[in-house]
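Q: Let me give you the structure first, and then I'll get to my questions.
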Amino acid sequence: MQLRRQLFRIISRTAIALYSRFPVFGALRASVGVVRKGDDVLVIDRADGRGLSFPGGFDGRNEDPETSVRREIREETGLRVTRANPLFQYHSTADVPVNLSVFGIEAEGDLRGSWEGTPVWLPLAEIQSRLLPSQRPIIDRLLGK
């Protein structure tokens, strides 16, 4: 698993560096989920060393946002999504040009990590400074700012 995480770090950082400078396909599409447990939310402590992110990722070709977020949450956390409620969408250029779809998620199962990182439960206030820049608007919306 450690080798896979190192590989993820190299691939992730290289892809972001290149696409932020040469966005040949325009804005990418991504979907993320907000999974809550009491006052905590589920985030991924990313294996590429870039900080925290909500579980989710880039939409596959011809993949709708809900299918994408269900797949990504399963891959990154081991949880099975039982309900995906669309919350909002927005555009960001903070990392790479991307159109993000954000879902409120209910899920079940046993939490586990993946080569992309380790899922952790943290309070919203604790994750804001460590969250990927492209996902910080999610916190603002959730906190009503």
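The values are calculated or read from the model by the stated rules, or taken from the named source; none is laboratory data. All values derive from a computational prediction rather than experimental measurement. All Cβ positions, even for glycine, are placed from backbone atoms using ideal geometry, and neighbour counts span all protein chains on display.
Q: For residues that are surrounded by 13 or more Cβ atoms within 10 Å (Cβ to Cβ), touching a Pro at 6+ places or on another chain (Cβ under 8 Å) and closer than 18 Å to PHE25 by Cβ, tally how many sit in the stretch 89-114.
A: So the answer is 6.
Q: May I pose another question? Identify all residues within the stretch 11-33 that are part of a helix (DSSP H, G or I) and either among the charged types (D, E, K, R) or modelled with pLDDT of 75 or more (or both); write none if there are none.
A: We begin by selecting, within the stretch 11-33, every residue part of a helix (DSSP H, G or I); these are 11-21.
Answer for the stretch 11-33, where residues must be part of a helix (DSSP H, G or I) and either among the charged types (D, E, K, R) or modelled with pLDDT of 75 or more (or both): ILE11, ARG13, THR14, ARG21.
Residue by residue, here is whether (1) touching a Ser or Thr at 6+ places or on another chain (Cβ under 7 Å); (2) aliphatic (A, V, I, L, M); (3) closer than 21 Å to GLY113 by Cα holds:
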residue	(1), (2), (3)
ASP45	yes, no, yes
GLY51	no, no, yes
PHE58	no, no, yes
SER68	yes, no, yes
ARG71	no, no, yes
ASN85	no, no, no
TYR90	no, no, no
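Q: From the list ARG83, ARG70, ARG21, exactly one residue is basic (Lys, Arg) and out of contact with any strand residue (DSSP E or B) (no Cβ under 6 Å at 6 or more places or on another chain). Which is it?
A: Matching residue, one of ARG83, ARG70, ARG21: ARG21.
Q: Hey, does the stretch 73-85 have a residue that's touching a residue at least 60 places away in the same chain (Cβ under 8 Å), of a type outside the set (Lys, Arg) and surrounded by 14 or more Cβ atoms within 10 Å (Cβ to Cβ)?
A: No, the stretch 73-85 contains no residue that is touching a residue at least 60 places away in the same chain (Cβ under 8 Å), of a type outside the set (Lys, Arg) and surrounded by 14 or more Cβ atoms within 10 Å (Cβ to Cβ).
Q: So, one more: Looking only at the stretch 30-65, filter to residues that are within 12 Å of the chain's Cα centre (by Cα) and over 18 Å from GLN128 (Cβ atoms); which one of those is surrounded by the fewest Cβ atoms within 10 Å (Cβ to Cβ)?
A: Filtering first and then ranking leaves PHE58.
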